[in-house]
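Here is the structure we will look at, set down as structure tokens.
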Amino acid sequence: MAIELSADVLALLKDADSLIPAIAQDSSTHEVLMLAYMNKESLSLTLKTGNATYWSRSRNELWVKGLTSGHTQEVQSISLDCDGDALLLQVIQVGAACHTGDVTCFHQELEMERN
């Protein structure tokens, strides 16, 4: 049996058949942890279980954050942006968010080239 989104949530999404960028942010520090993608099924599972579930573009399958690493994300809330095409997940992060072992995936700062 497939997990489906409610009609109310589907109506809010710009394109329910596309992958939706999902930003995970630490709910207490507000640090941006990572960017992943969700499809209808992973969003539905996340809403139902409270466990961050994403769509892996490289493996072409659902991916429950921390299922193998133990570095889980307990979702506190999910917000949809004004266009209905991006999600912000407020999470309690257990362990590192990044597959490299860093707390955040955004650890490579680029130098600005201002004149």
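Things to note:
Results for (1) surrounded by fewer than 17 Cβ atoms within 10 Å (Cβ to Cβ); (2) of a type outside the set (Asp, Glu); (3) more than 13 Å from Gly84 (Cβ to Cβ); (4) without any contact (Cβ under 8 Å) to a residue 60 or more places away in the chain, shown as yes or no for each residue.
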site	(1), (2), (3), (4)
Asp8	yes, no, no, yes
Ala11	yes, yes, no, yes
Ala16	yes, yes, no, yes
Leu19	yes, yes, yes, yes
Asp26	no, no, yes, no
Thr29	yes, yes, yes, yes
Val32	yes, yes, yes, no
Leu35	yes, yes, yes, no
Leu43	no, yes, no, yes
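- Unmet requirement for Ser77, which otherwise passes all of (1) closer than 27 Å to Gln108 by Cβ; (2) in contact (Cβ under 8 Å) with a residue 12 or more places away in the chain; (3) touching a strand residue (DSSP E or B) at 6+ places or on another chain (Cβ under 9 Å): (1)
- Subset of the range 89-114 (residues that are of a type in the set (Ser, Thr, Tyr) and at pLDDT 95 or above): Thr104
- Looking across the range 50-89, the residues that are surrounded by 12 or more Cβ atoms within 10 Å (Cβ to Cβ), among the polar types (S, T, N, Q) and farther than 22 Å from Ala16 by Cβ come down to Ser69, Thr72, Gln73, Gln76.
The values are calculated or read from the model by the stated rules, or taken from the named source; none is laboratory data. What you see is a predicted model; the values in this text were computed from it and never measured. Don't worry about glycine lacking a Cβ; one is built from the backbone with ideal geometry, like all the others, and counts go over all protein chains shown.
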